[in-house]
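Working notes, structure below.
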Amino acid sequence: MKTVYLPIEIYNRDFHSKSVLAYYLIKKNFSVILGRKAEIHEMITQKTQGIYFGVVTVDNYSSFYKKLKLLGHKIIVLDEEGLVTFEKKMYLDLKVSETTIKNIDHLLVWGNENKKILLSSKCSKFRNKIHVTGNPRIDLLKKKYSSIFLDNEREIIKNYGKFILINTSFSFSDHYTKNLDYLYELKKQKVIKNKKDEARFKDYSKIIQKTKKIFLDTIKELSEKYPKLNVVIRPHPSENHDLYLDLEKKYKNIFVNHSYSIQPWILSSMCIIHSYCTTAAEALVVNKKTFCLISNKNLKVHKNLPFIFNNVSYTKKEVLKKIDNFISKKRGINIQNDYRFYIKNISQRENSFNNIVKLIEGIKFKKEFINTGLIEKKNYFIKGLRNLFQNTIGMNIQKKKYINHKVPNISKKNIQGIFKSINENHSKLFKLVQINNQVVKIEKK
């Protein structure tokens with residue numbers, strides 16, 4: 001039985017889609033180990049010839065992928081950031097490493113536009129590795145999976161009634177870890193590699209800083225203008241929440257809540273205000289109105305696609321006028337454009353889970369992979385990873401808090417809840433074992 005490792009980097013982004021993917025993989029007789037990234041990275045070094053399903057193509061992962069290959073593993077990467085990302089050149093320079101993709105067996109992308117960008121670069125030599133599958137985050141908003149979030153939706157509506165959802169994404173300028181030098185961290189991670197990268201990142205950060213100020217002012221005025229409506233702020237997991245919590249204390253109809261994945265929030269809200277994020281694409285699936293608010297559109301650092309998905313406002317006055325028109329008319333939106341070039345599974349007919357599982361089914365391993373030289377390398381690598389993991393355990397309290405904030409416990413009970421929404425009889429088919437607080441193993445009975 002082949003084993004697939006599904007690491008969770010951000011719980012509210014990854015958990016539901018990876019759990020649904022696990023369900024379909026187990027039906028196809030795979031064994032799945034689903035858990036927090038750090039624990040999965042430790043565990044995978046103790047096994048041979050499994051399938052690692054990651055989301056990162058940056059340069060600092062190239063050595064990790066190379067070592068996994070030495071241990072006989074196959075590597076699949078879903079390019080989470082390939083849709084709403086930096087401008088084409090900036091995206092390729094900062095987010096895509098040629099040496100990293102060299103060690104990936106399969107790279108899964110949102111749509112043909114994403115693939116076209118990759119093939120226009122040095123990555124064209126890896127064209128056979130690049131597959132257009134769509135993204136599971138889109139599928140989760142479709143009718144087929146609506147019951148997964150039904151309890152969350154009911155709880156959200158019970159707590160907030162009619163509300164405007166504010167999705168923020170300003171971690172570059174105000175990180176969850178206070179006083180973090182984000183530029184330094186990106187240099188250390190080999191995302192920022194030269195002066196040109198640094199200059200573009202600084203331009204991007206300046207826009208973010210100005211945009212956050214406009215957001216704060218807009219939220220205050222929304223609260224005052226529509227006292228009978230609630231305003232719910234859902235900060236990005238990597239972002240500091242303090243300024244939003246201050247607003248929550250001052251205004252009776254402003255609330256801060258980062259619980260749940262984005263899907264039930266989109267489904268429950270009247271409309272959404274965001275700044276250059278994937279929410280714009282996800283909301284299209286359910287015809288939910290979105291308003292993009294940003295201080296400045298700079299196509300030297302921004303990709304134009306997020307601005308195509310919805311109307312863009314550059315000032316508080318402009319966005320408030322549009323929201324006022326929307327609320328008074330109470331109209332939704334209709335998808336008029338064909339976005340399949342950008343998102344393969346945007347239609348109800350296409351399912352990215354099917355595309356991904358079919359690709360994984362086709363992966364083959366060498367029957368006799370391990371040789372005498374590899375065992376020594378494997379033991380050396382395991383020792384190094386264990387040391388790294390032990391150092392992580394001994395990290396400062398603030399960093400521990402941040403990791404636990406991004407990924408709390410991974411419980412088999414929560415996975416069973418998702419399985420039940422897909423199939424009432426799942427308990428007769430699957431066996432779930434809680435390995436530790438962060439990892440669950442799942443396979444057929």
**Complete:** Counted residues in region 427-437 being at pLDDT below 95 and buried (at least 20 other Cβ atoms within 10 Å of the Cβ) come to 1
**Request:** Tell me the helices (runs of 4 or more DSSP H) entirely within region 79-121 that contain at least 2 residues that are closer than 17 Å to Asp59 by Cα.
**Result:** 88-95, 98-102
**Meets criteria (at pLDDT below 90 and either touching a helix residue (DSSP H, G or I) at 6+ places or on another chain (Cβ under 7 Å) or not assigned by TED's automatic domain parsing to the domain that holds Val77 (or both)) for Phe369** = no
**Message:** Of the conditions (1) touching a Phe, Trp or Tyr at 6+ places or on another chain (Cβ under 7 Å); (2) outside any loop (DSSP other than H, G, I, E, B); (3) more than 22 Å from His302 (Cβ to Cβ), Leu183 satisfies every one except a single condition; which number is it?
**Reply:** (3)
**Request:** Answer yes or no as to whether Thr85 is at pLDDT below 90, over 30 Å from Asp151 (Cβ atoms) and polar (S, T, N, Q).
**Result:** yes
**Prompt:** From the residues in region 1-45 that are in contact with a helix residue (DSSP H, G or I) (Cβ under 6 Å, 6 or more places away or on another chain) and part of a strand (DSSP E or B), which one is surrounded by the most Cβ atoms within 10 Å (Cβ to Cβ)?
**Reply:** Leu34
**Request:** Return the only residue of Thr57, Thr99 being of a type in the set (Val, Ile, Thr) and buried (at least 23 other Cβ atoms within 10 Å of the Cβ).
**Result:** Thr57
**Message:** Just the residues that are within 18 Å of the chain's Cα centre (by Cα) and not in a helix (DSSP H, G or I), please, taken from region 122-142.
**Reply:** Val132, Thr133, Gly134, Asn135, Leu140, Leu141, Lys142
**Matching residues in region 285-307 - criterion: being at pLDDT 90 or above, touching a Phe, Trp or Tyr at 6+ places or on another chain (Cβ under 9 Å) and not polar (S, T, N, Q)** = Lys289, Phe291, Cys292, Leu293, Ile294
**Asked** How many of the residues in region 298-333 are in a loop (DSSP other than H, G, I, E, B), within 23 Å of the chain's Cα centre (by Cα) and free of Cβ contacts under 8 Å to residues at least 40 places away in the same chain?
**Response** 3
**Request:** Determine which member of the set Ser169, Ser147 is part of a helix (DSSP H, G or I), within 22 Å of Pro264 (Cα to Cα) and of a type in the set (Gly, Ala, Ser).
**Result:** Ser147
**Message:** With the structure loaded, tell me whether Phe170 is touching a residue at least 12 places away in the same chain (Cβ under 8 Å), touching a Lys or Arg at 6+ places or on another chain (Cβ under 7 Å) and of a type in the set (Phe, Trp, Tyr) or whether it fails that test.
**Reply:** yes
**Asked** Any residue in region 206-227 that is within 29 Å of Phe291 (Cα to Cα) and part of a loop (DSSP other than H, G, I, E, B)?
**Response** yes
**Request:** Would you check which residues across region 68-106 are under 17 Å from the mean Cα position of the chain (by Cα) and farther than 23 Å from Thr278 by Cβ and list them?
**Result:** none
**Request:** Kindly provide the set of residues from region 209-229 that are farther than 21 Å from Asp174 by Cβ and touching a Lys or Arg at 6+ places or on another chain (Cβ under 6 Å), ordered by number.
**Result:** Leu229
**Item:** Conditions (1) under 23 Å from Tyr260 (Cα atoms); (2) more than 21 Å from the chain's Cα centre (by Cα); (3) in contact (Cβ under 8 Å) with a residue 60 or more places away in the chain; number of the one not met by Glu155
**Value:** (3)
**Asked** Out of all the residues in region 230-283, which are closer than 19 Å to Asp174 by Cβ, assigned to a helix (DSSP H, G or I) and of a type in the set (Phe, Trp, Tyr)?
**Response** Tyr244
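Conditions (1) at negative phi; (2) at pLDDT 90 or above; (3) crowded, with 17+ Cβ neighbours inside 10 Å; (4) in the same structural domain as Ser268 (by TED's automatic domain parsing), marked per residue:
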residue: Phe201; (1), (2), (3), (4): yes, no, yes, yes
residue: Phe215; (1), (2), (3), (4): yes, yes, yes, yes
residue: Lys220; (1), (2), (3), (4): yes, yes, no, yes
residue: Ser223; (1), (2), (3), (4): yes, yes, yes, yes
residue: Asn230; (1), (2), (3), (4): yes, yes, yes, yes
residue: Arg234; (1), (2), (3), (4): yes, yes, yes, yes
residue: Asp242; (1), (2), (3), (4): yes, yes, no, yes
**Message:** Restricting to region 325-339, name every residue that is surrounded by 13 or more Cβ atoms within 10 Å (Cβ to Cβ) and modelled with pLDDT of 60 or more.
**Reply:** Phe326, Ile327, Tyr339
**Request:** Give the residues of region 308-324 that are at pLDDT 85 or above and closer than 30 Å to Lys196 by Cβ, sorted by residue number.
**Result:** Val312, Tyr314
**Request:** Specify the residue that is farthest from Lys288 (Cα to Cα); the eligible residues are those in region 120-155 that are surrounded by 14 or more Cβ atoms within 10 Å (Cβ to Cβ) and among the aliphatic types (A, V, I, L, M).
**Result:** Ile130
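The values are calculated or read from the model by the stated rules, or taken from the named source; none is laboratory data. Computed from a predicted model, the values in this text were never measured in an experiment. Counting neighbours? That spans all protein chains shown, and the Cβs are built from the backbone with ideal geometry, glycine included.
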